[in-house]
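Trainee: Below you'll find the structure I mean.
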Amino acid sequence: MRSRLAALVTAFLLIPLTVPLAADPAQAVRQAPPSGCGLQALGTLPLTGATTAGTALDADHPDGPRVYSVTSSASGPAQLGIRDARDGRLIAERPLPGALGSWAVTVAPDHSVYVGTYPLSPAQARFYRYRPDTDQVTDLGIPIAGETFVWTVAATPDGSAVYGGTSPSGKVFRYDTASGAVTDLGSPVPGEQYIRDLAIADDGTVYAGVGAASMKVVVLAPDGTTRKIIDPPIEGKGYAYDLDLAGRYLLVRYVTTTSTNPMGVYDTARGVWKDVVDDVDNLTVGGGRHGQQLYLWQDDELARYDLTSGKLVKLGFTEFGGGAARTLGWVGHTLVGTGSTGRIWNYDRKTGEGSLLPGTLTGQPVSIRSMTTGPDGRIYAGGFFTGGLAAYDPATGQTQSWPDIGQSEGLVTHKGKLYLGVYPGARIYEFDGTAFKQLLDLRDQEQDRPFAMVSAGEWLAFGTVPKVGTVGGVLGLYDPATGRKVIKRNIVPGHSIVGLAYRDGVLYGTTSAFGGVGVPQGDAAQMFAYDIATDSVKWQTAPVPGDLALGSITFDDAGRLWGLTPDALFEVDPATGQTLRTAKHQTYPWQSQTQVWLDTNIEFHAGALWGKVQGKVYRIDRAAMTFTLITRPISNLVKGADGHLYLSRTENFSTYRLCGS
């Protein structure tokens, strides 16, 4: 369910690519093409990668400095990678059963490694300890029932406790390392969904950064009692995303809905903000501290910031391995860090030279995020988190992949080329089979996810979900021939646009009442008809009262317009917007949902509708509006140019061959 995965997707940080990317494909793989009828497994597409959001350094390990990184996996388990910080040599990889990945890794004074994770929906987040002396991982269980993501863990300087921060309830927990007891310390800012990062002072004071709205930092006593709340030094919404302590200074890096990432420097002794540094790109803001010098990344370049004078000097080092840079700490006079693709980088402050170490982590399978039929008849699939693009040729069984593109929320063919809607920043790319060319970037419109994409005459049309902490998606039009664009935000106020169809100069769209906040905007999702030539909305309606997200829509061979929501099939008159028929096919817990974007696919073929909803694929009889289950569980469905259906679930790829339908 994408609604369940929303928190997971929301905060994974990929640095946007702003120039055409050479599309060097991975070596093609050939297997026998499918034949016959019915459901057939096609294995996996060549989408793999090492995505390591959670990483920590043990500079004082008795056997040499070690970097601990968790590599995420499409269907699990995630792997805890253990490497030599000096040369990147892989020492070991240990599975974390029940986990898909992690943002939260910390090293305690006794060299134990603690990891907070996220699971495959709808399970709950888990907590682990790795002991280097025994080379054993211990599953410490679910720290707080009902919490689906542990975003951060931090050990106290004396090693007596490890604190963690979670979502979706924005809670803090305390783990006693001696007794193994876990204490739920509650939500320090009621209503906030995330505890995004933690920092712990020498006296045990806990600093907790929250989001996705207020960006406050809460100062907690060791028992969880709130001592103080520090308001941000900037305006807007977002997260107090990264926290660290540098002597008397609290460093807070903010991620805002406008895509600016300023770092505030707060004087804890005086209780005032001392400085704000613009556009700090790296995670783990305090990991590069050396005395009063703080090493950070700005505009993809390492820089040195003086905490006393506020002076910042660029250092000329730019090779951090892709994704987002993370400063971890010092081994002698060498700064050690990673990129989110898993590579370790080193920077020698004495020589001013940096180096990127070879990648040694084992690439893990990547979930298929989106699929479409390409201009060449191949099935194209975009990868989750690590991204990448893969193609499958139904005629030959040959596959191919291109790693150098981010997470595609939407894919569509238009005028003989493939177009990708890429997260974050709702970036639109054109792919001609040779290179990826970025056409648009909607960060200035506070947009993130272009789920809905359709070819609309001369126009490429797309609909988006906005950034976390904000509401109001965009309906966008782009003419690749002229570069002309039309960007219309809030065509349905507060709603995201998650489904599109096109016919005879009119765009038909469906919305979700959810955007980047956990509260729906209104009591029903909407459907609308937008006339491109007159730039006007012809009609707007709520075809399924009470449904907060509508989903995919399509036309059949008679020109009838159909839509599929998580719990209903509906037919709408495209001329007037009148709902002609509705059939409830399942129940859905709308009242308990905090985020539902797109969870349906619907296609018309061979006289029937074919739909994917709530993880199941159905053949739908239009006359009776009845559903026949084909298979489950499935995440994506698309109709191929050869007239058969293609399906995916996590990294697995399959086909349903429609013989004689």
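The values are calculated or read from the model by the stated rules, or taken from the named source; none is laboratory data. Just so it is clear, the structure is predicted and the values come from calculations on it, not from any experiment. Neighbour counts run over all protein chains shown; Cβ positions are idealised from the backbone, glycine included. Ligands, DNA and RNA are excluded from the accessible area calculation, which covers all protein heavy atoms including side chains. Shrake-Rupley method; radii C 1.70, N 1.55, O 1.52, S 1.80 Å.
Trainee: Within region 326-384, work out how many residues are farther than 23 Å from Gln407 by Cα and of a type in the set (Asp, Glu).
Mentor: 2
Trainee: List every residue pair whose Cβ atoms lie under 7 Å apart, where the two residues are 6 or more positions apart in sequence or sit on different chains, the first residue falls within region 238-264 and is closer than 16 Å to Tyr305 by Cβ and modelled with pLDDT under 95, and the second residue, located anywhere, is open to solvent by 10 Å² or more (accessible area, probe 1.4 Å) and part of a strand (DSSP E or B).
Mentor: Going by the 7 Å Cβ cut-off, the qualifying pairs are Asn261/Val255.
Trainee: Here's something else I'd like to know. Only residues in region 520-539 that are buried (at least 19 other Cβ atoms within 10 Å of the Cβ) count as the first member; pair them with residues that are of a type in the set (Lys, Arg), Cβ under 9 angstrom, at least 6 apart or cross-chain, and list the lot.
Mentor: Every condition considered, the pairs that remain are Phe528/Lys538; Ala529/Lys538; Tyr530/Lys488; Tyr530/Lys538.
Trainee: Among the listed residues Ala92, Ala74, Ala99, Ala56, identify the single one that is assigned to a loop (DSSP other than H, G, I, E, B) and modelled with pLDDT of 95 or more.
Mentor: Ala99
Trainee: Just give me the residues in region 423-446 being open to solvent by 20 Å² or more (accessible area, probe 1.4 Å), part of a strand (DSSP E or B) and among the basic types (Lys, Arg), in sequence order.
Mentor: Scanning region 423-446 gives a single hit, Lys437.
Trainee: Further question: So which residues in region 349-377 are in a loop (DSSP other than H, G, I, E, B), within 26 Å of the chain's Cα centre (by Cα) and under 19 Å from Glu603 (Cα atoms)?
Mentor: Across region 349-377, the qualifying residue is only Gly374.
Trainee: I'd like to verify a number: residues in region 270-282 that are within 14 Å of Thr308 (Cα to Cα) and over 31 Å from the mean Cα position of the chain (by Cα), how many?
Mentor: Number satisfying all stated conditions: 2.
Trainee: If Gln595 meets every condition in (1) surrounded by fewer than 18 Cβ atoms within 10 Å (Cβ to Cβ); (2) of a type in the set (S, T, N, Q); (3) touching a Phe, Trp or Tyr at 6+ places or on another chain (Cβ under 6 Å) apart from one, which number is that one?
Mentor: Of everything listed in (1) surrounded by fewer than 18 Cβ atoms within 10 Å (Cβ to Cβ); (2) of a type in the set (S, T, N, Q); (3) touching a Phe, Trp or Tyr at 6+ places or on another chain (Cβ under 6 Å), Gln595 misses just condition (1).
Trainee: Please go through (1) at pLDDT 95 or above; (2) out of contact with any strand residue (DSSP E or B) (no Cβ under 8 Å at 6 or more places or on another chain) for Leu120 and return the number of the only condition it doesn't satisfy.
Mentor: Result: Leu120 passes all but (1).
Trainee: Answer yes or no as to whether Ala568 is without any contact (Cβ under 8 Å) to a residue 40 or more places away in the chain, within 30 Å of the chain's Cα centre (by Cα) and closer than 17 Å to Asn601 by Cβ.
Mentor: Judged against the criteria, Ala568 is a match.
Trainee: Of all residues in region 454-476, which are under 17 Å from Ile491 (Cα atoms), small (Gly, Ala, Ser) and in a loop (DSSP other than H, G, I, E, B)?
Mentor: Of everything in region 454-476, those that are under 17 Å from Ile491 (Cα atoms), small (Gly, Ala, Ser) and in a loop (DSSP other than H, G, I, E, B) turn out to be Gly472, Gly473.
Trainee: Quick check on my filter: what residues within region 112-138 are assigned to a strand (DSSP E or B) and within 13 Å of Ala78 (Cα to Cα)?
Mentor: Selection gives Val115, Gly116, Thr117, Tyr118, Phe127, Tyr128, Val137.
Trainee: Is it the case that Ala549 is touching a helix residue (DSSP H, G or I) at 6+ places or on another chain (Cβ under 9 Å), open to solvent by less than 40 Å² (accessible area, probe 1.4 Å) and of a type in the set (Gly, Ala, Ser)?
Mentor: Yes: the conditions hold for Ala549.
Trainee: Restricting to region 79-89, give me the number of residues that are in contact (Cβ under 8 Å) with a residue 60 or more places away in the chain and either in a strand (DSSP E or B) or of a type in the set (A, V, I, L, M, F, W, C) (or both).
Mentor: 4
Trainee: Every residue in region 332-348 that is more than 26 Å from the chain's Cα centre (by Cα) and in a loop (DSSP other than H, G, I, E, B), please.
Mentor: Those that are more than 26 Å from the chain's Cα centre (by Cα) and in a loop (DSSP other than H, G, I, E, B): Gly332, His333.
Trainee: Output the strands (runs of 3 or more DSSP E) that fall wholly within region 580-630 and possess 1 or more residues being modelled with pLDDT under 95, or say none.
Mentor: Counting at least 1 such residues, we get 600-605.
Trainee: Quick test for you: out of Arg174, Arg126, Arg131, pick the one residue that is open to solvent by 40 Å² or more (accessible area, probe 1.4 Å), in contact with a Pro (Cβ under 9 Å, 6 or more places away or on another chain) and free of Cβ contacts under 8 Å to residues at least 40 places away in the same chain.
Mentor: Of the residues listed, the single one that is open to solvent by 40 Å² or more (accessible area, probe 1.4 Å), in contact with a Pro (Cβ under 9 Å, 6 or more places away or on another chain) and free of Cβ contacts under 8 Å to residues at least 40 places away in the same chain is Arg126.
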